[in-house]
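Chemist: Could you have a look at this structure, given as structure tokens, before my questions?
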Amino acid sequence: MANPHDVLAYDEHQRQGNPVINWLKDLFWTWGPPLAVVFVVRSAVAEPFRIPSGSMVPTLEIGDHIIVSKFSYGLRVPFTDIEVMPLGEPERGDIIVFKYPPDPKLDYIKRVIGIPGDTVEVRDNVIFLNGVEAQRQLQETFTFVDDSCREEEADLFVERIGDVEHLLLNSRSLRRLADYGPFTVPPGELFVMGDNRDNSADSRVWGTVPRENVKGRAFGVWFSHDACKGNTPYLGELRTERFFTGLR
């Protein structure tokens, strides 16, 4: 004869179901909704990116982690490139993240220099936009450290593009991109350049960026580390002074 206690235990188990399945259900209902919100936000509102190269130094350092606003220029259906509400266009001086035209699987970050209809020319590392020389002022010597931790002396300038004043570097040894154009930006395209002018492959090399390739505008650094300094595993030295700083 079966033990009544065993029968009751069996009945209780049947009523409760498989503990593993119940645990998975609890896990789904606990973490599923917030994770879904995170994925939607990342797809349609804001997305984090890490800066792996020095093409935007000194504005963006290698090892900076940035937040990109994905609704700066329009609202899109989550997980798609379908724009449902335009909210503006990239402007001269904006820092944008975009799908790299020669290989759209890659994301690049550069500064907008020319918008459709603009004529861009570079003479001896000085930008001329629609025939007008961009204002810039020499500041000091800057030591650029590349992603292999090699140092290079450069000149630090403050430059004005559109309504934006920002920092830029000109190498003292490289001049392969010091002269370019003139070139008129086609409709629906953007001309972009890195702030580290002699260490940036940009529109001077591979052409303009289609407007539909733009993913959003970079607006701030939330975390930063220098792998060439310090002894924190995988990070090096934390740049706490760059945490939660805006971009211009």
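The values are calculated or read from the model by the stated rules, or taken from the named source; none is laboratory data. None of these values were measured; they are calculated from a predicted model. Neighbour counts run over all protein chains shown; Cβ positions are idealised from the backbone, glycine included.
Chemist: Give me the residue from the range 230-248 that is out of contact with any Cys (no Cβ under 9 Å at 6 or more places or on another chain) and under 19 Å from residue 151 (Cβ atoms) and, out of that set, surrounded by the fewest Cβ atoms within 10 Å (Cβ to Cβ). Write out each step before concluding.
Modeler: Residues of the range 230-248 out of contact with any Cys (no Cβ under 9 Å at 6 or more places or on another chain): 230-235, 238-248.
From what is left, the residues that are under 19 Å from residue 151 (Cβ atoms) are 230, 239.
Numbers: 230: 13, 239: 18.
Restricting to residues being out of contact with any Cys (no Cβ under 9 Å at 6 or more places or on another chain) and under 19 Å from residue 151 (Cβ atoms), the top hit is 230.
Chemist: Identify, from the list 48, 102, 78, the residue that is part of a loop (DSSP other than H, G, I, E, B), modelled with pLDDT under 95 and of a type outside the set (S, T, N, Q).
Modeler: 78 is the lone residue from the list that is part of a loop (DSSP other than H, G, I, E, B), modelled with pLDDT under 95 and of a type outside the set (S, T, N, Q).
Chemist: Could you please let me know if residue 174 is hydrophobic (A, V, I, L, M, F, W, C), farther than 27 Å from residue 211 by Cβ and loosely packed, with under 15 Cβ neighbours inside 10 Å?
Modeler: Values: hydrophobic (A, V, I, L, M, F, W, C): yes; farther than 27 Å from residue 211 by Cβ: yes; loosely packed, with under 15 Cβ neighbours inside 10 Å: yes.
So residue 174 passes the test.
Chemist: Also: Report whether or not residue 55 is within 24 Å of residue 206 (Cβ to Cβ), surrounded by 11 or more Cβ atoms within 10 Å (Cβ to Cβ), assigned by TED's automatic domain parsing to the domain that holds residue 185 and modelled with pLDDT under 85.
Modeler: no
Chemist: Could you check the range 191-210 and list, in sequence order, the residues that are of a type outside the set (A, V, I, L, M, F, W, C) and within 16 Å of the chain's Cα centre (by Cα)?
Modeler: Correct list: 194, 195, 196, 200, 202.
Chemist: Tell me, please, whether a residue that is touching a residue at least 60 places away in the same chain (Cβ under 8 Å) and within 16 Å of residue 204 (Cβ to Cβ) can be found in the range 143-160.
Modeler: No.
Chemist: Run down 88, 74 and say which single residue is over 22 Å from residue 200 (Cβ atoms) and either among the aliphatic types (A, V, I, L, M) or surrounded by 15 or more Cβ atoms within 10 Å (Cβ to Cβ) (or both). Walk me through how you get there before you give the answer.
Modeler: Details: 88 fails: either among the aliphatic types (A, V, I, L, M) or surrounded by 15 or more Cβ atoms within 10 Å (Cβ to Cβ) (or both).
Checking each option against the conditions leaves just 74.
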